Amino acid sequence: MKIIQAQPQDLVDILFLLKQCVKDMNSKGFKHWNSAHPSPELIKNDIEKGTLYLYTDLGIVQGMINLSDEIPEEYKDIKWKLENEKILYVKRFAIHPLWQEANIGEQLIGFAENFAKEHNFKGVRLDVLDSYPLNEKFFESKDYGKAGTFHSDFQKIPYACFEKGL
């Protein structure tokens, strides 16, 4: 097992991972990702910026996480506890359905928190679809506090935002 920075040659494996995740989420009634989002262009952009990291085992991409200092537009009206601090934002956090019970999520979030500490970030922020109670419990168990919610243009269900100070 290793977590590596995504490279252009990983694009096909990443798109396959996303396709499997979308198929799994849709079968459970969650429609926040689809064949158009996240788009191949968005993933290529993540790779070019060097913000996308992959969890791999035996050369198989089993999960991914985007780590960025860019503030998502959707977060502008959220009342965060950490103000005027350098924050790491987690986006496009995905684990292949076959390995969702394999502790990969904990390892990727641990990687994100260590990355944040090593790069002098004072906290980590992320969002999850508000109707995913297991995701909320997961992040709350990692000492992330719920900071608020927002709606996107393409989703009727709100997103819950979480934050953790480091």
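Throughout, read-outs are computed from the coordinates displayed, never taken from laboratory work. Note that the structure is a prediction, hence the values are computed from the model and not measured. Neighbour counts are summed over all protein chains in view; Cβ atoms, including those assigned to glycine, are modelled from backbone coordinates with ideal geometry.
Just a few scattered comments:
- Share of pairwise Cα-Cα distances greater than 24 Å in the stretch 2-165 is 31 percent (whole percent).
- Computed over all pairs of different Cα atoms, the Kirkwood value for the hydrodynamic radius of the stretch 77-116 is 12.2 Å.
- Stokes-Einstein D (µm²/s) once Rh is taken as the Kirkwood radius of the stretch 49-125 over alpha-carbon pairs, at 10 °C in 1.306 mPa s: 118 µm²/s
- Adding -39500 (n - 2.57) for every DSSP H run of four residues or longer, then dividing by how many residues the chain holds, sets the calculated 222 nm ellipticity at -9500 deg cm²/dmol.
- Cβ-Cβ FRET estimate between Leu15 and Asn84, R0 fixed at 35 Å, reported to 0.05: 0.40
- Lys23 versus Gln100: modelled label distance in nm, points set 7 Å from Cα along the beta carbon direction: 1.4 nm
- Within straight-line reach of Lys28, meaning a Cα separation under 17 Å, sit the following aspartates and glutamates at least 8 residues removed in sequence or on another chain: Glu101, Asp130, Glu136.
- The stretch 1-60 gives an Rg/Rh value of 0.99, both radii derived from C-alpha positions and Rh following Kirkwood.
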